[in-house]
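Okay, here's the structure, questions in a sec.
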Amino acid sequence: MRWDPYSLTGDAKFNVFWKRHLAERERRILLVVGKGFDVRALETARRLHELSANVHVWLLAFHNGQQDSAIRRARTEKNVEGLGKLFPPERIKEVDINLGGAFEEPVASRQTYEKIRGAGDPNAYDDVIVDISAMPRMVAMTSVAVLLRGLDLAAATGRSVNLHVTTAESVTADLAAGQGSLRDQVSFVRGFSGELTSQTTKNLPHVWFPVLGESQRDRLDRIHQKLTPDEICPVVPFPSREPRRGDEIIYEHRELLFDTFQVEPRNILLACEYNPFEAYKQVFEAMDRYRRALNTLGGCKAFVSPLSSKLLSIAVLLACYDHLFGEVPGKRLKVGIPYVETATYADPVQKPDDPFELYSMWIRGEWEIVAQTAADAGMSDERNV
């Protein structure tokens, strides 16, 4: 497993980690952020500015062709203005991403993939930070996936760039961001289709791992209709900040899960809400059990839907990425990440003082060399927090 050990920094140690990291040597940093209305949009940028980091910014300006409400427009403009006060305009590059209209084919992942690849060369920097706090789910996951794969491939030529993912995590703020209405179609993170429609693998069983959050009935129903899974293993956030959150999520969706989907209670899995790397291991291992069990029958297709927090969404991406590109013995899974995007957003009811925790996940780069050296020497990775 690639991310075992791992490097995760929680809110209390965020500044300590980055101050130490920046002091090690001169670093050129690329910060990828969303041009959004979320009140947490600038937290990573503020912290880096306070530490006098040498930062260039790719500002992902996503739109769906619809008129923004006055409150969303005002909050977005406030965030853009705030970013301009932190970094000079010549260091901020706006990257336009068309999400497609509400009644059009979902194109967010494909558009994000193309725009990120065309925005510039991330290998020109020492560290790339993707702050997903104010990004739509598909934009966030695709941005991380395309940068991770590109930097991994570039490392083969000898240039190793660090990739970090940050997010200001708050379940309360996520729920208050304005849920709106959903698209009718199910879409997949680019490169993670699971070969759902492939004729050559159409007879392979489908195993679905929906990572559950609040108010996901409609998404669950649409993805279920698309996948027609043979086995369903719901993933519940536990342990979590709210001890009863997992129970409440199961109770909220009990009729759909147990009556309609006929989920076996023993199939329910647990994933740590506030540690994406532990959740990654839990999801990866659950997927791998099916891979090993069904390999003798020709294999299977595994689909993982990120319907919970952004931290758990990164856990989903890492588990699927590791199965697709990592060191897996034997036959690989066909891996898909299906999701139903938001078509229209309701006005957010977030408050500026909503509590959150800022997380920094070191996904690739120098830490892997340190971790491997420590493992070879029989030492533990002291960056695990």
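Read the figures in this text as sums done on the coordinates, not as results from a lab. This is a predicted model, so every value here is computed, not measured. Ideal geometry is used to build each Cβ from the backbone, glycine not excepted, and the neighbour counts take in all protein chains shown.
For a footprinting-style exposure proxy, rank Phe62, Phe17 by other Cβ within 10 Å, fewest first.
Values: Phe62 21, Phe17 18.
With the sparsest Cβ surroundings first, the list reads Phe17, Phe62.
Now, a different point. When Lys and Arg each count +1 and Asp and Glu each count -1, what net charge do the other residues less than 12 Å away from Ser160, Cβ to Cβ, add up to? Write down the numbers at each step before the final one.
Numbers: positive: Arg159, Arg364; negative: Asp126, Asp127, Asp152, Glu366, Glu368.
Surrounding charge for Ser160 is -3.
Given 20 °C and 1.002 mPa s, how large is the Stokes-Einstein diffusion coefficient of segment 1-109 in µm²/s, with Rh as the Kirkwood radius over Cα pairs?
Details: Rh = 16.1 Å.
Diffusion coefficient, whole number: 133 µm²/s.
If you count, for each residue, the other Cβ atoms within 10 Å and average over each peptide, how do 182-195, 78-91 line up from highest to lowest?
Details: 182-195: 19.6, 78-91: 13.9.
Packing order, densest peptide first, comes out as 182-195, 78-91.
Over the Cα atoms of segment 229-369, what is the Rg over Rh ratio if Rh follows Kirkwood? Could you put the intermediate results ahead of the total?
On the way: Rg = 16.9 Å, Rh = 17.0 Å.
For segment 229-369, the value is 0.99.
Here is a further query. Quick one: divide the alpha-carbon radius of gyration of segment 277-351 by 2.2 N^0.38 Å and tell me what you get.
Values: Rg = 15.2 Å, N = 75, 2.2 N^0.38 = 11.3 Å.
Rg over 2.2 N^0.38 Å, computed on Cα atoms: 1.34.
Based on other C-beta atoms within 10 Å, arrange Glu105, Glu114 from fewest to most.
Details: Glu105 10, Glu114 16.
Fewest-to-most ranking of Glu105, Glu114: Glu105, Glu114.
To continue, here is another question. What list of ³J(HN,Hα) couplings, whole Hz, do you get for segment 139-154 from phi and the Karplus terms 6.51, -1.76, 1.60, once you set θ to phi - 60° and write x for glycine and proline?
Coupling constants for segment 139-154: 5, 5, 5, 5, 4, 5, 5, 5, 5, 4, 5, x, 6, 4, 5, 5 Hz.
Further question: In µm²/s, what is D for segment 86-217 at 4 °C and 1.567 mPa s, where D = kT/(6 pi eta Rh) by Stokes-Einstein and Rh is the Kirkwood radius from Cα pairs? Provide the component values of the computation, followed by the final result.
Numbers: Rh = 17.5 Å.
For the chosen part, D equals 74 µm²/s.
Return the percentage of antiparallel bridges among DSSP beta bridges fully within the chain, rounded to the nearest 5 %. Can you show the working numbers first?
Numbers: 15 of 54 bridges.
Antiparallel bridges make up about 30 percent of those DSSP assigns within the chain.
Please compute the contact order of segment 264-334 in relative form: average sequence separation of alpha-carbon pairs under 8 Å and at least six residues apart, divided by the residue count, as a percent. Mind dumping the intermediate values first?
Values: 65 pairs, mean separation 25.2, N = 71.
Dividing the mean separation by the residue count of segment 264-334 yields 36 percent.
Continuing with this model, one more query. Mind listing the long-range amide H neighbours of Arg28? Cut-off is under 5 Å, sequence gap 5 or more, other chains count too, H placed in the peptide plane at 1.01 Å from N.
Asp126, Asp127
Something else now. Calculate one ³J(HN,Hα) per residue across segment 157-167 by plugging θ = phi - 60° into the Karplus curve 6.51 cos²θ - 1.76 cosθ + 1.60, and present them in order as whole Hz with x for glycine and proline.
So the J values, rounded to whole Hz, are 8, x, 9, 10, 9, 6, 10, 10, 10, 10, 7.
Among the listed pairs Lys35/Lys310; Lys93/Lys281; Lys115/Lys310, which are separated by more than 26 Å between their Cα atoms? Working shown, then result.
Working: Lys35/Lys310 17 Å; Lys93/Lys281 36 Å; Lys115/Lys310 22 Å.
Violating the 26 Å limit, Cα to Cα: Lys93/Lys281.
Considering the dipole of the chain built from charges on the beta carbon (Lys and Arg +1, Asp and Glu -1) around the Cα centre, which of Asn123, Val57, Gly336 is farthest to its positive end?
Working it through, the farthest residue towards the positive pole turns out to be Asn123.
Suppose we keep just the alpha-carbon trace of the chain; what are its Rg and Dmax in angstrom?
Expressed in Å, the Cα Rg and Dmax of the chain come to 20.2, 59.
Given H placed 1.01 Å from N in the peptide plane, which residues other than close sequence neighbours of Leu307 have an amide H under 5 Å from its amide H?
Those lying under 5 Å, H to H, from Leu307 are Val211.
Given H placed on each backbone N at 1.01 Å, which residues far from Asp38 in sequence or on other chains put an amide H within less than 5 Å of it?
Answer set, sorted by chain and number: none.
Lys/Arg Cβ at +1, Asp/Glu Cβ at -1, dipole of the chain taken about the Cα centre: which of Leu312, Ala271, Tyr6 is farthest positive-ward?
Tyr6
Exposure proxy check: Ser181, Ser109 ranked by fewest other beta carbons within 10 Å? Could you put the intermediate results ahead of the total?
Numbers: Ser181 12, Ser109 26.
Lowest count first: Ser181, Ser109.
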